[in-house]
Amino acid sequence: MKKIIIANWKLNSNIDFIKNYIKKINKINFNNNKYEISIAPPIIYLYLINKLIKNKFNTTSQNIDIHLSGAFTGETSGWMLKDINTKYVIIGHSERRKYHKENNKLILKKIIISKKSNLIPIICIGENEKEYLNNESIKTCKLQINCLIKNNEQILDNTIIAYEPIWAIGTNKTADLKHIIKIHKFIKKHLKKNNSKIKIIYGGSININNAKNIIQNEEIQGLLIGSSSLDINNFINIINSINEI
Ligand code: PGA
């Protein structure tokens, strides 16, 4: 199974940034039998990036609405994202849970509508610092997953689960490998899945110093990279470092 590297730009970039970024990234060589690289820009730039980027890359939306069309001012639907060739959609990111009050009920609706639109959901779960310190990481992840699978065990088939401990996002405090592996193994066991149906990836302060060490573990099938993906030279260095494996 290919491992996936996703560059989550969050609310950053502009046209000049994109032209420079895509020009540089289009030139890199990586083992695309082994890795898939996806760019997650702000939604407004997806169309442009899908036009500029070479075939060996693809794109990820940072959000999706729960409706496909209609009177829902300000929203973007799965049909539209698919119409412009987007492949993945991030759902349940802790920043959306926190700043936009997205709860598990809404997250489930977004997963369902993504699948209906033939987009692959990347579903973020993870504990906060207090839960981590209280040794409740598994408990929190289990609860978040159970809210999604309670009426349909299959709903998470053919999706990506991103384990992103909240305390590790944007803090330079990467979770240690042992902890990440423990949670990844738990998720796999809890969902009783073989590797082909669900990818489990890690996100949270990935950088040039830790990417290789984390991705080379067989339990970890990808990385969701925020701030370290914003500087194109930095992101290319990360890709080159893991390409050596
Ligand atoms: P970070 O963000 O790499 O800046 O910690 C990761 C994410 O939020 O997806």
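The values are calculated or read from the model by the stated rules, or taken from the named source; none is laboratory data. Note that this is a predicted model, so its numbers are computed, not measured. Because the Cβ atoms are built from the backbone with ideal geometry, glycine has one as well, and the counts that use them run over all protein chains shown. Accessible surface is based on the protein model in full, side chains and every heavy atom, while ligands, DNA and RNA are left aside. Shrake-Rupley method; radii C 1.70, N 1.55, O 1.52, S 1.80 Å.
Taking only Cα atoms of the chain, what ratio of Rg to Rh do you get with Rh as the Kirkwood inverse-distance radius?
Taking Rg over the Kirkwood Rh, I get 0.94.
For the chain, set up a Gaussian network in which alpha carbons nearer than 10 Å are linked by springs, and say which option among His100, His67, His190 fluctuates the most. Most flexible of the set in this elastic network: His100. Between the stretch 84-158 and the stretch 2-77, the alpha-carbon centres lie 20 Å apart.
Let me check against my output: what whole-number percent is the relative contact order of the chain, with C-alpha pairs under 8 Å and at least 6 apart?
This gives 19 percent for the chain.
Under the convention that each Lys and Arg Cβ holds +1 and each Asp and Glu Cβ holds -1, the size of the dipole of the stretch 144-225 around its Cα centre is about 220 debye.
Computed in the context of the full set of protein chains, the accessible area of the chain at 1.4 Å probe radius has 49% of its extent on carbon or sulfur. Extension gain, Lys142 to Asn233, is 29.1 nm, computed as 0.36 nm per intervening residue step minus the present C-alpha separation.
Solvent-accessible area per residue in the chain equals 49 Å², computed with a 1.4 angstrom probe and all protein chains kept. Fully extending the segment from Lys101 to Lys189, taken as 0.36 nm per residue of separation minus the present Cα-Cα distance, adds 28.8 nm. Which whole number in µm²/s is D for the stretch 5-149 by Stokes-Einstein, with the Kirkwood Rh taken over Cα pairs at 25 °C and 0.890 mPa s? It comes out at roughly 149 µm²/s.
Between Lys197 and Lys173, the distance separating the two model label sites (each 7 Å from Cα on the Cα→Cβ line) works out to 3.5 nm. In a reduced charge model with +1 at each Lys and Arg Cβ and -1 at each Asp and Glu Cβ, the chain shows a dipole moment near 520 debye about its Cα centre.
Quick one: net charge of Pro42's neighbours, Cβ under 14 Å, K/R +1, D/E -1? Its environment carries a net charge of +1. Multiplying the residue separation of Asn240 and Glu218 by 0.36 nm and subtracting their alpha-carbon distance yields 6.0 nm.
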